[in-house]
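Novice: Below is one structure. I have some questions about it.
What follows is calculated from the coordinates using simple rules that are stated; it is not laboratory data. Please read these numbers as outputs of a predicted model, since none were measured by experiment. With ideal geometry, Cβ positions are generated from the backbone for all residues, glycine too; neighbour counts draw on all protein chains shown.
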Amino acid sequence: MNKELEHSFVKELETNQNIVHKICRLYTNNSHAHNDLFQEITIQLWKAYPKFRGDSKFSTWMYRVALNTAITLYRKSKRRVATQDFEAVSFKISSIDYDDTVEEQLKLMYSAVKSLNDIDKALVFLYLEDKSYREISETLGISEVNSRVKMNRIKGKLRTVLNP
Amino acid sequence: MVNLDLLKQKWQSVEQELPKLSYGDIHQMLLKKSSSIVKWIFLISIGELLFWTVLAFFVPESSKTINESMGLKTVFVVVNIVHYTIFAVFIYLFYKNYQSITVTDTIKDLMGSILSTRKTVKNFVIYNVSASILLLIGVNLFYYTKKDQLYTLMAENYEGYGAIPKESFTSLFFIGQIIFGILLVGLILLFYRIIYGILLKRLQHNYTELEKMET
């Protein structure tokens, strides 16, 4: 394949890899599966890259391909490890407003998000990434109104889980 | 009070501990092969299309002779022409659907095109199974009306059959055909349960989730 294309692709992905890592972390439970999914997303991005015309940002385009791979294309590896060898994501909160309980609560929140179903998780992920409802609805393929309604329902559900 | 917006605030501002891959690591990944479910679905579907196409060629010589002597030659020629025309249509539809699977589609559209590709193959198999059953029933009914002629022919073409007395031949032959038909259908259904169970359960489930949002 074209060396120049290859170079620009790897550069772009290297810069934007955090997006993919965050998705992998949400959709897998151990580092083996994380790497496996990252690998598959990379291949899918690379296969679709020649058709990427640059009329949207590389990162915007990436969200779609990466989520599609995580939700639909990726086959969970056979030796699915049940244990969770990840510590829930650690949020390093700056010393000024450091608060034990807040950090604890954030961890709880994160694991509650992780336990949502595949589709709800995608919705919440895009929300956390500060995407507009228009972008969310365009990524998922549902209407803007419905993604807003669904998002509010998920928020409510998470509230009752965490504040009984 | 914990809520999602608190997490959102922190999500952007706080460094999450994420792995960091180098240029070389990513470059290496480009050389690996994909193992996506689309690839599996493609391979399995091609296998099914080939299986049924090839199977149609493998009619034992002796049963051809019998069918011809029973006066079914023209009927089978017509059946085959219709059969292969329908095959061609299915293969074309499969190809068209498969081409429409793009990873840059919306989540819902991608799932939709994968499911419709599978549906084409599923319909292809349903067509084959029902066509086989109908043909089996039709031919057997026809045989039944001419069971004396059939017995003579079977005795000539298959050595074993000559030893069977004429009275028990009729019931033996038709019970055999029924058992064969049931076994065939059973095996095919089992195969599909397994394939769908493994590959499409999660996809189907997620697709329903998305559809529910729109109602």
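Novice: Counting other C-beta atoms within 10 Å, which of A:LEU37, B:LEU55, B:LEU115 has the fewest, and how do the rest follow? Each step should come with its number before you reach the end.
Specialist: Details: A:LEU37 24, B:LEU55 11, B:LEU115 16.
Ordered by Cβ neighbours within 10 Å, fewest first: B:LEU55, B:LEU115, A:LEU37.
Novice: In whole Å and largest first, what semi-axes does the C-alpha gyration tensor of region B:1-113 yield when each eigenvalue is scaled by 5 and square-rooted?
Specialist: Those come to 56, 18, 12 Å.
Novice: State the extension gain, in nm to one decimal, for the chain segment bounded by B:GLU214 and B:TRP40, taking 0.36 nm per residue of separation less the distance between their alpha-carbons.
Specialist: Result for the pair: 59.7 nm of gain on full extension.
Novice: Residues of region B:39-54 with the amide nitrogen closer than 19 Å to a label point 7 Å from the Cα of B:ILE198, along Cα-to-Cβ, please.
Specialist: Counting only backbone N, you get B:39-52.
Novice: Next up: Identify, among A:ALA70, A:ASN2, A:ILE19, the residue whose Cα sits farthest towards the positive end of the charge dipole of region A:1-77, taking +1 on the Cβ of Lys and Arg and -1 on the Cβ of Asp and Glu, with the dipole about the Cα centre.
Specialist: A:ALA70
Novice: If all Cα-Cα distances of region A:92-164 are sorted into 10 Å bins from 0 onward, what percent lands in each bin, rounded to whole numbers?
Specialist: For region A:92-164, the binned pair fractions read 18, 44, 28, 10, 0 percent.
Novice: List B:ILE101, B:ILE198 from most exposed to least, where exposure is judged by having the fewest other Cβ atoms within 10 Å.
Specialist: Fewest to most other Cβ atoms nearby, the residues stand as B:ILE198, B:ILE101.
Novice: Under 37 °C and 0.692 mPa s, how fast does region B:33-83 diffuse according to Stokes-Einstein, given a Kirkwood radius computed over C-alpha pairs? Answer in µm²/s, whole number.
Specialist: 244
Novice: Hey, with R₀ at 22 Å, roughly what FRET efficiency would B:LEU190 and B:ILE133 work out to, going by the Cβ-Cβ distance, to 0.05?
Specialist: So, using R0 = 22 Å, E works out to roughly 0.85.
Novice: What does the charge dipole of region A:92-164 about its Cα centre add up to, to the nearest 20 debye, if the Cβ of each Lys and Arg holds +1 and the Cβ of each Asp and Glu holds -1?
Specialist: So the magnitude is around 380 debye.
Novice: Between rounded, prolate and oblate, where does region A:1-77 land on the alpha carbon gyration tensor, with a ≥ b ≥ c its root eigenvalues, rounded for a/c under 1.5, else prolate if a/b exceeds b/c? If you can, show how the numbers build up before the last one.
Specialist: Values: a/c = 1.89, a/b = 1.76, b/c = 1.08.
Verdict is prolate for region A:1-77.
Novice: I've got another one for you. Rounded to the nearest whole Å³, what is the per residue volume of the convex hull around the Cα atoms of the protein assembly as shown?
Specialist: Normalising the Cα hull of the protein assembly as shown by residue number yields 203 Å³.
Novice: Could I ask something else about it? How much net charge surrounds B:ASP105 when only the other residues with a Cβ under 14 Å from the Cβ of B:ASP105 are counted, with Lys and Arg +1 and Asp and Glu -1?
Specialist: Local charge sum for B:ASP105: +2.
Novice: With each run of n ≥ 4 DSSP H residues scored as -39500 (n - 2.57), what mean residue ellipticity at 222 nm is computed for the protein assembly as shown after dividing by its residue count and rounding to the nearest 500 deg cm²/dmol?
Specialist: -24500 deg cm²/dmol
Novice: Assuming 0.36 nm per residue, please report the length gained on full extension of the stretch B:LEU172 to B:ASN157 beyond their Cα-Cα distance. If you can, show how the numbers build up before the last one.
Specialist: Working: separation 15, 0.36 × 15 = 5.40 nm, distance 1.67 nm.
The B:LEU172-B:ASN157 span can extend by a further 3.7 nm.
Novice: Here is a follow-up. Treating chain B as a set of equal point scatterers at the Cα positions, no solvent, please give the Debye-formula log₁₀ I(q)/I(0) at q = 0.14 Å⁻¹.
Specialist: -1.03
Novice: Further question: Could you calculate the FRET efficiency of A:LEU108 with B:LYS119 from 1/(1 + (r/R0)^6), where r is the beta carbon distance between them and R0 is 56 Å, rounded to 0.05?
Specialist: After rounding to 0.05, the efficiency reads 0.85.
Novice: Only counting other Cβ atoms within 10 Å, I'd like B:ASP148, A:ASP55, A:ASP120, B:ASP109 sorted with the fewest neighbours first.
Specialist: Working: B:ASP148 11, A:ASP55 7, A:ASP120 19, B:ASP109 16.
Ordered from fewest to most neighbouring Cβ atoms within 10 Å, B:ASP148, A:ASP55, A:ASP120, B:ASP109 come out as A:ASP55, B:ASP148, B:ASP109, A:ASP120.
Novice: Where nothing but the Cβ of Lys and Arg (+1) and of Asp and Glu (-1) is charged, how large is the charge dipole of region B:18-99 around its Cα centre, in debye to the nearest 20?
Specialist: My answer is approximately 340 debye.
Novice: Nothing charged except the Cβ atoms of Lys and Arg (+1) and of Asp and Glu (-1): what's the magnitude of the dipole of region B:134-215 about its Cα centre? Round to the nearest 20 debye.
Specialist: 180
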